[in-house]
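Just so you know, all these numbers are worked out from the coordinates, no wet-lab data involved. Quick caveat, the model's predicted, so the values are computed rather than measured. Please note: Cβ atoms are built from the backbone with ideal geometry, for glycine as well, and neighbour counts cover all protein chains shown.
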Amino acid sequence: MINAFARQAEQAGFGEIMSPIFEDIGVFKRLGESTDVVTKEMFDFFDKGDPPQHLALRPELTASVCRAFAEHRPTPAWKVWYEGPQFRYEQPQAGRYRQFTQVGVETLGTDDPQADVDTVVLGWRFYQSLGLREVTLLINSLGDANCRPAYLAALQAYLSSNALGLSPQSQATLERNPLRVLDSKRPEDEAVIAGAPLMVDFLSDETAEHFAAVRAGLDQLGIPYELSPRLVRGLDYYTRTTFEFAAEALTSAQNAVGGGGRYDGLVEALGGPPTPGIGFALGVDRILLACDAEGVFADEESTVKVFVVDVTETNEALRICEELRAAGLGADRAYDGRSMKAQMKVADRSGARFAVIVGDDELAAGEVTVRDLRGDGGQQRVPNHQLVATIAQAVGSVT
Ligand code: AMP
């Protein structure tokens with residue numbers, strides 16, 4: 001999957017960046033002091049220096065890419081892709097882990113809305129190329145430093161006057177970051193959130209124009225999307241275009257398989273020149289869950305072709321497995337002299353196409369019974385010396 005992503009990113013002009021697994025914690029703190037990822041979920045530690053340096057495992061890669069830009073000053077537009085593990089001290093659950101893998105891209109040094117479109121389309125095409133058909137693209141504009149303050153003030157005023165209708169958790173979030181209240185999926189918050197003012201109604205002319213150009217680009221390329229005026233996303237640094245990919249096949253609350261947006265102030269916050277940027281990160285673990293949920297991968301043909309069921313309490317299973325394997329035919333068996341029924345159960349689970357059964361009858365006759373575990377379930381007796389040829393021919397004819 002990562003190779004497929006790499007190919008598509010390189011075809012679109014992105015080069016690979018390999019950034020360190022841990023960095024000075026200050027790099028990640030620039031992501032915003034009201035971001036959960038920074039305040040609650042960082043794996044941080046002190047090194048052995050004198051004085052010790054405060055470091056953290058990376059929770060995401062956008063900050064590291066911006067740090068690298070500020071440090072090395074490559075010529076914009078700088079387009080990079082990455083893959084690798086990220087770390088967040090979250091409550092583990094289905095699709096939410098403390099170590100997970102992301103692939104992503106970042107484009108620094110342009111605020112051209114066509115760069116936004118290119119970015120979104122790269123993500124969209126990647127899911128399509130994997131065979132996923134139930135991914136929804138949600139987009140929104142979060143405004144910029146000029147128009148967001150007025151919106152935040154209106155939102156704060158609205159939420160504060162309706163605080164009693166919010167869950168205790170959302171009341172606490174309201175203190176830290178009113179925008180994140182919109183992210184709540186708790187049913188008790190639904191009514192208040194539904195009536196909250198929307199950022200789209202506060203966009204400046206310039207930001208509205210930028211957002212319209214992004215949508216026009218997506219329309220032109222025939223990329224389906226839903227406008228999602230309450231999409232805020234977990235990280236505070238986003239400005240203007242924000243988007244998320246939701247896998248409808250995942251029933252859990254964790255159905256976001258990727259997301260991203262613009263972060264026009266982040267490079268500057270990390271000590272670089274004012275530099276706009278746009279990118280996304282896709283969650284590889286969750287994409288795999290979505291692929292399973294949509295059944296996009298064909299069942300893999302098992303390497304074990306034969307499962308030997310031996311109830312004679314002799315060394316027949318040893319001998320037969322050895323003979324089949326030596327002939328290049330995958331074979332497995334059960335141990336501990338278990339009952340016929342127990343061994344057949346294991347055979348069914350093994351993925352093998354055939355069971356080779358040896359009972360006292362077969363042993364006395366110098367034969368085995370070959371049973372088809374799929375297909376019509378038919379079986380036949382075969383002399384020992386013809387077993388390898390019989391299986392080789394049968395496997396050849398069924399694969
Ligand atoms: P973010 O960096 O929070 O914008 O997340 C981007 C994507 O990474 C999400 O849409 C998820 O697919 C994935 N992701 C984020 N956090 C986790 C996690 N704790 N476990 C698994 N995947 C995650």
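Check each of the GluC sites (Glu not before Pro) in segment 116-208 and keep only those in coil by DSSP with at most 16 other C-beta atoms within 10 angstrom; list them in order. Hits after loop and neighbour filter: Glu134. For the chain, the longest principal axis of the alpha carbon atoms and the long axis of helix 148-161 meet at an angle near 80°. Each 5 Å bin from 0 upward holds the following percent of the Cα-Cα pairs of segment 44-117: 3, 12, 18, 17, 18, 14, 11, 6, 1, 0. Go ahead and set up a Gaussian network model of the chain, Cα springs under 10 Å, then flag whichever of Tyr97, Tyr238, Tyr263 fluctuates most. It is Tyr97. In segment 60-190, the inverse of the mean reciprocal separation of distinct Cα atoms equals 18.4 Å; this is its Kirkwood hydrodynamic radius. Computed 3J(HN,Hα) for segment 68-74, one whole-Hz value per residue from the Karplus formula 6.51 cos²θ - 1.76 cosθ + 1.60 where θ = phi - 60°, is 5, 5, 4, 7, 9, 6, x, glycine and proline marked x.
Relative to the current alpha-carbon distance between Asp292 and Arg96, full extension at 0.36 nm per residue lengthens the span by 68.9 nm. Each principal axis of the Cα cloud of segment 253-320 was taken in turn, and the coordinate range along them, longest first, works out to 78, 27, 21 Å. Separation of segment 318-342 from segment 275-314 is 25 Å, based on Cα centroids. Largest first, the three principal axis extents of the alpha carbons in segment 306-398 are 32, 27, 23 Å in whole numbers.
Put in order of Cβ neighbour count within 10 Å, fewest first, the listed residues Leu166, Leu138 become Leu138, Leu166.
With everything on Cα atoms, drop me the angle between helix 113-130 and the longest principal axis of the chain, reported from 0 to 90° to the nearest 10. Orientation of helix 113-130: about 10 degrees from the principal axis.
Whole-Hz Karplus values for segment 340-348 come out as 3, 5, 5, 5, 5, 4, 5, 4, 4 Hz, taken residue by residue from phi with 6.51 cos²θ - 1.76 cosθ + 1.60 and θ = phi - 60°; glycine and proline positions read x. Summarised in one figure, the compactness ratio Rg/Rh of the chain, Cα atoms and Kirkwood Rh, is 1.15. The angle separating the long axis of helix 387-398 from the principal Cα axis of greatest extent in the chain is about 40 degrees.
In terms of distances greater than 23 angstrom between alpha carbons, the cross-link table entries Lys40/Lys79; Lys305/Lys341; Lys29/Lys185 yield Lys40/Lys79; Lys29/Lys185.
Compute the FRET efficiency between Ile21 and Met1 as 1/(1 + (r/R0)^6), taking r as their Cβ-Cβ distance and R0 = 25 Å, and round to the nearest 0.05. It comes to 0.75.
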